[in-house]
Amino acid sequence: MASRNLILAFESSCDETSVSVVEDGHKILSNIIATQIDSHQRFGGVVPEVASRHHIEQITRCLDEALDQANVTYDDLKAVAITYGPGLVGSLLVGVSAAKAVAWAHHLPLVPVNHMAGHIYAARFVNEFVFPQMALLVSGGHTEIVYMKDEYSFEILGETRDDAAGEAYDKIGRVLGVSYPAGKTIDEWAHAGHDTFHFPRAMEKDHNYDFSFSGLKSAFINTFHNAEQRGETLDRNDLAASFQQSVVDVLVEKTLKALQQYPVKQLILAGGVAANQGLRERLEADVTRQFPTVTLIKAPLKLCGDNAAMIGAAGEVAYRKGQRADMSLNAMPGLSF
Amino acid sequence: MKILAIDTSNHPLSIAITDDDQLIATTTLNLTKNHSIYVMPTIEKLVAIAGWQPADLDRIVVAKGPGSYTGVRIAVTTAKTLADTLQIDLVGVSSLKVIGAHVAQLQAGRPTIVIFNARRNNVFAAGYQAQQGQMNEWLAQQHMSFEDLLQLVEERQEAVSMVGEFDAQFDEQVAQSPAHSLITRLPANYAIPSAYDLAILGRSAQPVTQLDEFVPDYLRITEAEANWQKKHPGELKQSYVREV
Ligand SMILES: [Zn+2]
């Protein structure tokens, strides 16, 4: 048995092929990420079959580079961690097949990891976790508030009923002529504008922690098209700012409400949309003011998007908890906590 | 030479381990397309039965397509990663040839056409012919309409055997084709690939030199890609993936 606590992790759930070596669950020795974003930009979104084809082009190169950069051999490893869901089935299958092959070839335990747990554990590279804990997970495919009573226990308090926040960004981005993925550009424009349109804040008054962004999306598109028909051009910065303000308001208010009912020691902000500056700033300000005893841990910008290091961090905990998969492990595209 | 051969190109899954040309153990399933569940457990079991260790393997041979995109990808990812991680040779063989070469040997010089159903009346097809102890390619593997395939047989005026994934529509088209008297349709049991045949084909073949670049032979670009290329002639780049 290897003496160092090293996890080799694979992630291929969407359009990033990534392999990483993580030490002790919180030290990145390597984190190779091959992104296909330039390819899917041509189609205005991720095309599943194209994504699967890119993953298979990259997988062994990423694996070899991850080990090289970490300067370790298979003998040094403790386990292989793998994202098995949620995600695109064809994409997941490339990572799952590769991880199983490596685990079998080197007699290593195989540790299955939920992609969303991975996003949460991206924050483990910033701070040690103290429980109970809550996470606001916002990405292209998911918007969830998750409560963690203990290490590696996950309870969804609320989730989106329609579009994920990231999806809503991409959809209004398309209307504004912003190429996929739109989040970063909208965020930049929003900083230069003001909330002048006052779009609806969906479900703010409802007594639950679920989200909905389809009403906001429709209101935005109607406003834009009505102006277009009148021959008016609306200020894109104000449009972006108004949209973003509405998204951020809903995300932050639901989270603050959840914090009231579930006292926690730490709040984690993670997922692809957690890179949004508007959201980061607002959550920081509100949590500090209203919940001074709660520590906000924002996933590092570099680790908000999909990457294998976060799977390694979660995988290290799952490994200690004794979670194992055998060689029949399959991709679970609809996996939930 | 200890060989592991893997074929999950279509519904059947076939795995074999051989020592040179000698079969040690093989398993063929014909249950489902959900190969992800069965590939590695079958490999694990066969290698254990042989009393081998993964590190004892010298070569991986894989059916690299055409076929079901997902099926081919599971076999190729598994094979490619095993070869990479064990630092051993990898050989890719056409999935059509796995069936075609074997059947053609039994056809005494008569060309054998293998077809996989590629939907919408299209097929992945290839033809093989055994002549003087050699296996010749009578028809290079390609994606084509079933109509075009029948027309090709008609033009060549050569009696052929056909084997593969037939559906009722294909049978009817054969019956109505002017080439129908040239075509002998072999029964379905000839269409089940054997990884033992795959191992034999791969034993003497040249291994892959650029392992990282090894990908399935899909024989067809995706619809999204085809539409994009039509709208953007000459804009296709060498690579669309970059490290960040
Ligand atoms: Zn993600």
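Counting other beta carbons within 10 Å of each Cβ, put A:PHE10, A:PHE291 in order, fewest first.
Numbers: A:PHE10 33, A:PHE291 16.
In increasing order of surrounding Cβ atoms, one gets A:PHE291, A:PHE10.
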Q | Net charge contributed by nearby residues that have their C-beta within less than 15 Å of A:GLY44 (K/R +1, D/E -1) | A | -2
Q.
Using a 7 Å offset from the Cα along the Cα-to-Cβ direction at both B:LEU152 and A:THR196, what is the distance between the two label points in nm, to one decimal?
A. 6.4 nm
Q | Selected from A:PRO86, A:ILE7, A:ALA34, residue furthest toward positive end of dipole (the stretch A:1-92; charges at beta carbon) | A | A:PRO86
Q: Show the residues, 5+ positions off or on another chain, whose built amide H is closer than 5 Å to the amide H of A:ILE268.
A: A:MET134, A:ALA135, A:LEU136, A:ILE297
**Q.** Spatial separation of Cα centroids for the stretch B:29-99 and the stretch A:114-145, in angstrom
**A.** 36 Å
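Starting from the Kirkwood radius over alpha-carbon pairs of the stretch B:36-121, derive D by Stokes-Einstein at 10 °C in a medium of 1.306 mPa s and give it in µm² s⁻¹.
Values: Rh = 14.8 Å.
Here the translational diffusion coefficient equals 107 µm²/s.
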Q: Could you state, as a whole-number percent, how many of the C-alpha pairs of the stretch B:138-203 are farther apart than 21 Å?
A: 31 percent
Q. Hull surface divided by four, with the convex hull built on the Cα atoms of the stretch A:255-319: how many nm²?
A. 4.9 nm²
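Where does the stretch A:22-89 land on Rg/Rh, using Cα atoms and the Kirkwood Rh? If you can, show how the numbers build up before the last one.
Working: Rg = 14.5 Å, Rh = 14.0 Å.
My calculation of the ratio gives 1.04.
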(Q) Could you tell me the relative contact order of chain A? Use alpha-carbon pairs under 8 Å, at least six residues apart, and round to a whole percent. (A) 26 percent
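Please report the antiparallel percentage of DSSP beta bridges with both residues in the stretch B:96-191, rounded to the nearest 5. Numbers along the way, then the final one.
Working: 15 of 22 bridges.
DSSP beta bridges in the stretch B:96-191 are roughly 70 percent antiparallel.
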Q) For chain B, what's the radius of gyration and Dmax over Cα atoms, in angstrom? A) 18.8, 59
Q. What percent of all Cα-Cα pairs in the stretch B:128-240 falls in each 5 Å bin, counting up from 0?
A. 2, 8, 12, 17, 16, 13, 13, 11, 6, 1
Q.
Over the Cα atoms of the stretch B:65-104, each weighted equally, I'd like the Debye log10 I(q)/I(0) at q = 0.15 Å⁻¹, rounded to two decimals.
A. -0.42
**Q.** Relative packing of peptides A:315-323, B:171-179 - highest average C-beta neighbours within 10 Å first
**A.** A:315-323, B:171-179
(Q) Could you tell me the relative contact order of the stretch B:1-118? Use alpha-carbon pairs under 8 Å, at least six residues apart, and round to a whole percent. (A) 25 percent
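How do B:SER181, A:SER52, A:SER12, B:SER9 rank when sorted from fewest to most other Cβ atoms within 10 Å of their own Cβ? The partial results should precede the final answer.
Details: B:SER181 8, A:SER52 23, A:SER12 37, B:SER9 31.
Ordered from fewest to most neighbouring Cβ atoms within 10 Å, B:SER181, A:SER52, A:SER12, B:SER9 come out as B:SER181, A:SER52, B:SER9, A:SER12.
Show that you can apply the helix-only estimate: for the protein assembly as shown, add -39,500 (n - 2.57) for every DSSP H stretch of four or more residues, divide by all residues, and state [θ] at 222 nm to the nearest 500. Walk me through the intermediate numbers first.
Working: 17 runs with 219 residues, N = 581.
After summing the helix terms and dividing by the residues of the protein assembly as shown, the value is -12000 deg cm²/dmol.
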Q | Relative intensity, log₁₀ I(q)/I(0), of the stretch B:165-229 from a Debye sum that treats every alpha carbon as a point, q = 0.21 Å⁻¹ | A | -0.97
(Q) What is the sum of charges, Lys and Arg at +1 and Asp and Glu at -1, for the other residues whose Cβ falls under 15 Å from the Cβ of A:SER91? (A) -4
Q) What are the residues whose amide H is under 5 Å from the amide H of A:HIS26, where those residues sit 5 or more places off or on another chain and H is modelled from the backbone? A) none
Q.
Starting from 0.36 nm per residue, how many nanometres of slack lie between B:GLU213 and B:ASN136 once their C-alpha separation is accounted for?
A. 25.0 nm
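How long are the semi-axes of the ellipsoid equivalent to the stretch B:96-191, from square roots of 5 times the Cα gyration tensor eigenvalues, in whole Å, largest first? Let's see the in-between values first.
Numbers: eigenvalues 77, 39, 29 Å².
In descending order, the three semi-axes are 20, 14, 12 Å.
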**Q.** chain A, dipole about Cα centre (Lys/Arg Cβ +1, Asp/Glu Cβ -1), debye to the nearest 20
**A.** 400 debye
Q.
Given contacts defined as C-alpha pairs under 8 Å and at least six residues apart, what's the relative contact order of the stretch B:96-191, whole-number percent?
A. 26 percent
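Scale the Cα Rg of chain A by the rule-of-thumb value 2.2 N^0.38 Å and send over the ratio, two decimals.
Values: Rg = 20.2 Å, N = 337, 2.2 N^0.38 = 20.1 Å.
Taking N as the residue count of chain A, the ratio is 1.01.
Hey, any idea what Rg/Rh is for the protein assembly as shown, computing Rh the Kirkwood way over Cα pairs?
Values: Rg = 27.0 Å, Rh = 25.9 Å.
Rounded to two decimals, Rg/Rh equals 1.04.
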Q) Which order results if B:THR81, A:THR60, A:THR143 are arranged by neighbouring Cβ count within 10 Å, fewest first? A) A:THR60, B:THR81, A:THR143
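May I ask you to list, by number, the DSSP H helices of chain B whose Cα span along the axis is at least 24 Å and whose average Kyte-Doolittle hydropathy reaches -0.5 or more? Walk me through the numbers before you get to the answer.
Values: long enough: B:69-86 (25 Å, 0.49).
Once both thresholds are applied, what remains is B:69-86.
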Q: Could you go through the stretch B:2-7 in sequence order and give the Karplus-derived ³J(HN,Hα) for each residue, using 6.51 cos²θ - 1.76 cosθ + 1.60 with θ = phi - 60°, rounded to whole Hz, and x for Gly and Pro?
A: 8, 10, 10, 10, 10, 9
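Restricting things to Cα coordinates, could you compute the convex hull volume per residue of the stretch A:80-167 in Å³? Write down the numbers at each step before the final one.
Values: hull volume 9.4 nm³, N = 88.
For the stretch A:80-167, the hull spanned by Cα atoms encloses 107 Å³ per residue.
Please list the equivalent ellipsoid semi-axes of the stretch A:130-183, computed as the square roots of five times the alpha-carbon gyration tensor eigenvalues, in descending order and whole angstrom.
Values: eigenvalues 180, 20, 7 Å².
Output for the stretch A:130-183: semi-axes of 30, 10, 6 Å.
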Q: Place a label point 7 angstrom from the Cα of A:GLU281 along the Cα-to-Cβ direction, then list the residues of the stretch A:224-262 whose backbone nitrogen is under 19 Å away.
A: A:236-253
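The numbers here are math on the coordinates, done by the rules we state, and not lab data. Only a predicted model underlies this, so the values are computations on that prediction, with no experimental measurement involved. Note that each Cβ is placed from the backbone with ideal geometry, even for glycine, and that neighbours are counted across all protein chains shown.
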